[in-house]
Every structure is written in C-alpha cells, then in structure tokens.
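Reading through the structure tokens given below for one structure.
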Amino acid sequence: MPESLYISSFEPNSGKLMVTLGVMEALSRRVERLGFFRSIAPTAADEDDHIELLSSRFSICLQPEQMVGVTHEQAKTWIAAGEENRLFREIVAKFNEAEEACDFLLCEGPDIAQLPEAFDSTLLVCISRELGCPTLYVSSGYGATVPELLENVKVAEKSFRRLQTPLLAIIVNRVDPDILEVAGEVLQKTFGGDIAIDLLPQVESLGNPTVAEIVQDLHAEWFSGPRDGLHRDVAGFKVAAMGPANFLDYLKKDDLIITPGDRSDIIFTTLAAIASKNYPSPVGLLLSGNITPDPSVLKLLDGLDDLAIPIYRVAGDTYRTAMQATAVRGRLHPENECKIARALGVFENSVDVVALEEKIRVNPSTILSPLMFEYSLFQRARRDRKHIVLPEGGDDRILQAAELLRLRDVVALTILGEEKKLRARASSLGLTEKKLRARASSLGLTLAGVNFIDPQTSMLRHEFADTLFQLRKHKGLTMDNALDVMADVSYFGTMMVHQNMVDGMVSGASHTTAHTIRPAFQFIRTPPDVLVVSSVFLMCFHTRVLVYGDCAVNPNPNPEQLAEIAISSVKTAQMFGIEPIVAMLSYASGTSGAGADVEQVRQAVGIAKKRRPDLRIDGPIQYDAAIDATVASKKMPDSEVAGKATIFIFPDLNTGNNTYKAVQRASGAVAIGPILQGLNKPVNDLSRGCLVADIVNTVAITAIQAQNREG
C-alpha cells in the first residue's frame, strides 16, 4: 500500500514550496519510487515552477503530465459553475493514477491567493479528505505577533477537525526570529503532543527576488552588459531621481537601480561606484520609459570589454517600473543552488525531521540511491559538527563548496589563503582576475562564519615549523627548512589536523595526490595495528553503493597489504552503513586458475580470515562472479560472497584505478573518493577534475571519519 502526504496552506505567502522541498529531501533517502503531485496547479505541468524544481533535484518516478490534477483555469470554471464534485473527481482520479506508480506520493495543495474567493479553506480541506491523505499544514508567520500567529493556527486546526480530516503536523513558516522561542512555547502548550509543531524563522534573503526574476516578470529587454550572472539576489531598490552626488549617498550593496533611460549621469555614476572601493556595488540597472541613451553613451558602453553589471530596459515609466519591481517575490529555481541550499539548511535545522518521518510511517526502502546516500552523509555529519580545513582556497570550486556546506550547516570550515583576496574572489566567483576589482559580487557568496588563515603571515607557521622540526630532525630537517615547508598549504593544513586544531583535511583539487598525502604519511601516520594506508571509492549506482579499493594509493600491494586493505575497507563500509561482503578480485575464480598473481590474492584471503575470522570474504574471484548472482551460481556456487559482494578489492593500482573510471563512465555511477583509510586522523584527497558536489561529499565523509575516530 503506497503512502502519501498532503501539504496545504490557507494563507498567502506561507513559503509552502520551501517546506515541500525539505520534506522531499527527507523522503528521498528512504523511498525508492518517490512521486510529487499538485492537486491544482497554476499552469500546465511542463510550465510549472514547482514541478521543474523538484524534478530537477529528485528522481521522481512520474512524468510531468502525471503530476497535475487540474489547472487553476479548470478549477475556476468548475467552481463558478457549481461543479465541485466534478473538480474533486478529476483530482482524485489523477491522484490515484499517480499513486499507483509510487511508493510514496507527496501532494501539494494549491495557493489559495491565486484562486477565486468561492474557493475557500473548506474546499482545500475537502481535497485532502477526498484523497485520504494525512495533512501537513503550513501557516504563515510573516509579520504576525504571537497572538496572531496562534489564532491562525487555531483556525486551521479547527477546520481540519470539523471536517474530520487527519492533521499530521503544523509548520509555521517565516516567523520573526525575535519571537520564535516564545511562539514555539505557546503553540506547544496549546496543542500539547497531539500535533507535531515546528517553527521556521523568516530569512529575508529567501524572499528577495533575483535580477533574472525581475527581468522576467517585467518583460525587460537586454540593453548592455553581461547576460549571465543574473541569479544574484536583489536586496533593495533605488529610484535614481537625484543628481549623482546625492544618489551615491543612498546606494547600498546589491541594490537594483531604476532610472530613466536618458539619465546618462546615473549610468556612469553607477559604473564608477562598482569600480570604486569606497562604494557598495549594485546588482543591475533598469532603464525606464523605453528611452535609449544618447549615441555617444551607447558607443562608450559598447567599448567596455567587461561591463560591470547587466543593464535592461523597460517600457513603463519610472514610478510604474518601481512598483512592479518591488512586487516581485523571490522564488526557488533549479539553477539557484545557493538559495536552495539556504532553504534546506533552515528547514533541516528547524524541523524535527525524524519525528516527522515517524509520523508519516514510511517503510524504509532497500534501495540506496546517490541522493539518498548524500542525504544520509549530511545528516550524520550534522549530528556532531566537525571542523575541516580546506587548504586550496585559491580554487573557485573550493569556495563554491564551502558556501554550500555553510548553508547546509554540515561542518565548520577553515580555508587557507589571504582572507581579503579570497572573500573578494568568492563574491565575484566565475570571473577572471582582470574582472575582480570592477565586478565585486557576481554570485554574492558570503562565506559567513568561515574561518580564514594565511600560512604566509600566520604566527602559527612558526609554531608548526618547530613541531615539524622536532618530528623530522632525525631525518636531517633543519629549522629553516621546516619554516619554508610550513608555507606550503598542504603541510600547514595537515599540521592543523595533527595539532587537533581541526578534525580533518580535504585537499587535492589543485594538487597531486602525492602532494596532498605526503605530509599525512610523515607526521599523522597510522595506528600500530595498521600496516599500510590505503584508499577506497564509494561507487554510488542508481540502487546501491559499493566500495572499491585500493584505486589510488598502493601500486603493487603484497598479500599482507592486500589483506590490510580489505580489513580497512570493511571498517570504512561499516562506517557508512554498508554491509561488508568482501570480494578479493583476480582474473580467476576459486580454483579455476593458477599463477603468481592469483596465488597472491589467495594468500591475502587466508591472512584476512586469520586476522578477522568474522568477515564474509572470498577470493580469488572475478568481478562478474562477485557482482552477478547468475554468474556466481555457475562459477562459485558454494561461496557466501559470490553474487552478493559489496566491497571489491583489486589486486593492484593499475587494475583498480582503470576499473573504477571505466565503471563510472560507462554506468553513470557517482564515484566519491578517494577516501583514505588507515591514518590516525582523517585526511582525504580529491581528484583534480573534481566537481563542487564531489568536494561537498568528501568533506561530509571526512567529518564522519572524524566522528568515528572519536567514537
């Protein structure tokens, strides 16, 4: 029997989509066939913003046309004609069709502000009742006092109770942070434990529109400047009617400037403000009145290679343009990753997701998709936030990943490099060095709360150099050499781990593997019972996660080292909730082949079983016999590993590295790693071709390794 949940609101601007996004994120890690459905959508499915956002982020098992019951126009027509039953029948029929294809179907109710007055809250509750769904109600706390907020929730709860419709939980969104605690206490006291209640704070930046949204809503025409970078949030609006000198006094960061098209003085003043260190940078210019600047101004603008901000033109007068622009509300779009991450961070830090899931009673799925695995990484890392150092602050991908990690509240971060330069680079991410000074904030990454240390100027460099000298002087290292070495970000970051200033390090986006891990070998080292440092990749397929090792560190391991790699890989797999079933790979299965390479694997299996008799491990075994039950039944029918393996240990680096890359490219699997195992403290290497998502996942994994070391 499929499960379902209905998300409803009677109030305009409740931020229902943010709640829908958070619930979908939570469900996606446990549900194999997850569906989304809008009972009444504003447009056709292929034009619906909510469907576009959720389909782009989650593996929804429905086609867009299956995700809509009826459109607003259909609902208006039937309500006006008094055909409520026809409306309900159509929604229920479409809902049941969608539900049959899903293990869980999340249904989102309509926005009442966009429907006729006849479509009141009673009809909204009736939709939920007709669908047979328990309901999560979203109340708007925007601008409300505690008594007003309480009254809104009481009215909603009474409506559901009167119509005998199960109300599962209430989320009050957009609450003034100053009254958040008091409001929570009042609501809990009023409703007791009968209904789960959570409150989300108002986050102004989530409601701020982007330049792109304003351009779209006002049907603005591009005039000059960049056509990209339009996803910056607009913090405020400035109608430039004053002269340039007075206008500058009112300019604030991330303002959108609205001025008539013949005000060349304002255009030049705005561009000058961006180039100046003494004034904040606006996000764009809107030229009103459908007026084109003088030809001399056009010629000047055309001659600028790197025009600082986008300039658009609208037909309306300045007053009308300002009124229309200020009415545009910020929305969540698939391409605005920072805003999505910020929204999810607020939801996950404010809502008791575990309690909510228990109420929904979703049966756990046996499927583990990449998105489910990523979600579980974030959840585990967030439970006991660790401090991770990222030495390669000069790499744009590191700054982007740091912003996403900050917004999701996964870890505490320190980035190595000159703080002023890196913050400027973050705010102008995506631009060349030549453009940095003139265009100060293309994407507006704030990196608020991220710590920066410059190894070149930090007093820690001398302290670290002395520590390194004491550790390596028996190798001939001098104090001067140690001081020079500590200018290297890899050594400096690793020493921070060694000195317990941070819990782990992630590097390698712009350095070789050897450069990243050499310091760890020198002074973090391994526990006494670990023979060798090794690595694994977590290979995330569509339905499961497998462990591949060693694909990055040991070129030609001997039998003892192969056994060590297998044992370390078991510990890593268990750390991430993967049942360890180990296949020691070779070109032969069982007793079917002979040769020095096969014999080495056979010896490694014997050593591993002697050290860990509790392990499910077998080999030598070929890859196809290890992973495919049909092949296993023919080649190794008596093996408890064949056809069931979750950990694959390759006989050498050449085989392992080529295999993981071939499988990754051929299958589309997400490869997370290499994850180093066997060190006293976690240090992990990145591929120089890594994506931002790879960095984010590796940081979360490093944090979990740090938790495990202490646990």
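The values are calculated or read from the model by the stated rules, or taken from the named source; none is laboratory data. Model, not experiment: these values are computed from the prediction. FYI the Cβ positions are ideal-geometry reconstructions off the backbone, even for glycines, and counts take in every protein chain you see. Protein only, heavy atoms only, side chains kept; ligands, DNA and RNA dropped before computing areas. Shrake-Rupley method; radii C 1.70, N 1.55, O 1.52, S 1.80 Å.
Each pair of Cα atoms in region 218-292 enters the Kirkwood radius, and Stokes-Einstein at 25 °C and 0.890 mPa s then converts it into a translational diffusion coefficient of 193 µm²/s. Taking 0.36 nm per residue of separation and subtracting the current Cα-Cα distance, fully stretching the chain between Thr630 and Cys126 would add 176.3 nm. Packing here is the average count of other Cβ atoms within 10 Å per residue, and on that basis the peptides 476-482, 672-678, highest first, run 672-678, 476-482.
Extension gain for Arg227 to Asp265 (0.36 nm times residue separation, less C-alpha to C-alpha distance): 11.4 nm.
Taking R0 as 41 Å, what FRET efficiency do you get between Lys359 and Met323 from their Cβ-Cβ distance, rounded to the nearest 0.05? After rounding, the FRET efficiency stands at 0.40.
Estimate the FRET efficiency between Thr478 and Ala424 by the formula 1/(1 + (r/R0)^6), using the beta-carbon distance for r and 30 Å for R0, to the nearest 0.05. Present the calculation step by step, with values, prior to reporting the outcome.
Working: r = 37 Å, r/R0 = 1.22.
So the FRET efficiency works out to roughly 0.25.
With a sphere of radius 14 Å drawn around the Cβ of Ser592, what net charge do the other residues whose Cβ falls strictly inside it have (Lys, Arg +1; Asp, Glu -1)? Here the count lands on -2. Atom-type composition of the exposed protein surface of the chain places 49 percent of the accessible area on carbon and sulfur (1.4 angstrom probe).
Looking at the chain, the pairs of alpha carbons with a distance over 52 Å make up 21% of the total. Extension gain for the segment Gln499 to Ala275, taken as residue separation times 0.36 nm less the Cα-Cα distance, is 76.4 nm to one decimal.
Taking 7 Å steps out from each Cα toward its Cβ at Arg385 and Arg544 produces label points 3.7 nm apart. Taken along the Cα-to-beta-carbon direction at a fixed 7 Å, the label points for Ala594 and Arg33 span 5.2 nm. For Ala41, the residues whose amide H sits under 5 Å from its own are Gly69, Val70, Thr71, His72, ignoring neighbours fewer than 5 places away on the same chain, with H placed 1.01 Å from N. If you take all other residues with their beta carbon under 15 Å from the beta carbon of Val328, and give Lys and Arg +1 and Asp and Glu -1, the sum is -2.
Computed from backbone phi, the HN-Hα couplings of region 586-595 come to 7, 8, 9, 10, x, 9, 6, x, 9, x Hz, rounded to whole numbers (Karplus: 6.51 cos²θ - 1.76 cosθ + 1.60, θ = phi - 60°; Gly and Pro given as x).
Over region 648-711, what is the relative contact order in whole percent, taking alpha-carbon pairs under 8 Å and six or more residues apart?
Numbers: 37 pairs, mean separation 14.3, N = 64.
Computed value for region 648-711: 22 percent relative contact order.
Show that you can apply the helix-only estimate: for the chain, add -39,500 (n - 2.57) for every DSSP H stretch of four or more residues, divide by all residues, and state [θ] at 222 nm to the nearest 500. Intermediate values should be presented prior to the final figure.
Values: 29 runs with 313 residues, N = 711.
After summing the helix terms and dividing by residue count, I get -13000 deg cm²/dmol.
Across the chain, Cα pairs under 8 Å and at least six residues apart give a relative contact order of 11 percent.
Past 24 Å, Cα to Cα, is the threshold; run Lys16/Lys252; Lys609/Lys644; Lys154/Lys339; Lys609/Lys635; Lys16/Lys76 against it and keep the listed order.
On the way: Lys16/Lys252 30 Å; Lys609/Lys644 18 Å; Lys154/Lys339 31 Å; Lys609/Lys635 21 Å; Lys16/Lys76 21 Å.
The pairs that break the limit, which is 24 Å between Cα atoms, are Lys16/Lys252; Lys154/Lys339.
Within the straight-line cut-off of under 13 Å between alpha carbons, the aspartates and glutamates reachable from Lys359 are Glu3, Asp194, sequence neighbours fewer than 8 places apart in one chain being disregarded. Counting only residues at least eight positions apart within a chain, or on another chain, the lysines with an alpha carbon under 20 Å from that of Lys610 are Lys571. All C-alpha pair distances within region 567-711, sorted into 5 Å bins from zero, spread as 2, 9, 16, 20, 20, 15, 10, 6, 1 percent across the bins. Treating each Cα of region 464-534 as an identical point scatterer and summing with the Debye formula, the log10 of I(q)/I(0) at q = 0.16, 0.20 Å⁻¹ comes to -0.57, -0.88.
Across region 628-633, computed HN-Hα scalar couplings (Karplus, 6.51 cos²θ - 1.76 cosθ + 1.60, θ = phi - 60°) run 10, 5, 5, 5, 4, 5 Hz from first to last residue, x flagging Gly and Pro. Annotation: amide H of Asp176 within the under-5 Å range of Gly143, Ala144, Gln202, sequence separation 5 or more or interchain, hydrogens built in the peptide plane.
Note on Lys158: lysines with a C-alpha under 17 Å away, same-chain residues under 8 apart excluded, are Lys189. With contacts taken as Cα pairs under 8 Å and at least 6 residues apart, region 60-196 reaches a relative contact order of 21 percent. In order along region 664-674, phi translates into HN-Hα couplings of 4, 6, 6, 9, x, 5, 8, 9, 9, x, x Hz, rounded to whole numbers, per the Karplus curve 6.51 cos²θ - 1.76 cosθ + 1.60 with θ = phi - 60° and x for Gly and Pro. A crude spin-label estimate for the pair Asn654 and Asn290, with each label 7 Å from Cα along the Cβ direction, gives 7.2 nm.
Using the 1.4 Å probe convention, the accessible area of region 573-711 works out to 43 Å² per residue with neighbouring protein chains retained. If R0 is taken as 45 Å, the Cβ-Cβ distance between Gln456 and Ala662 corresponds to a FRET efficiency of 0.60.
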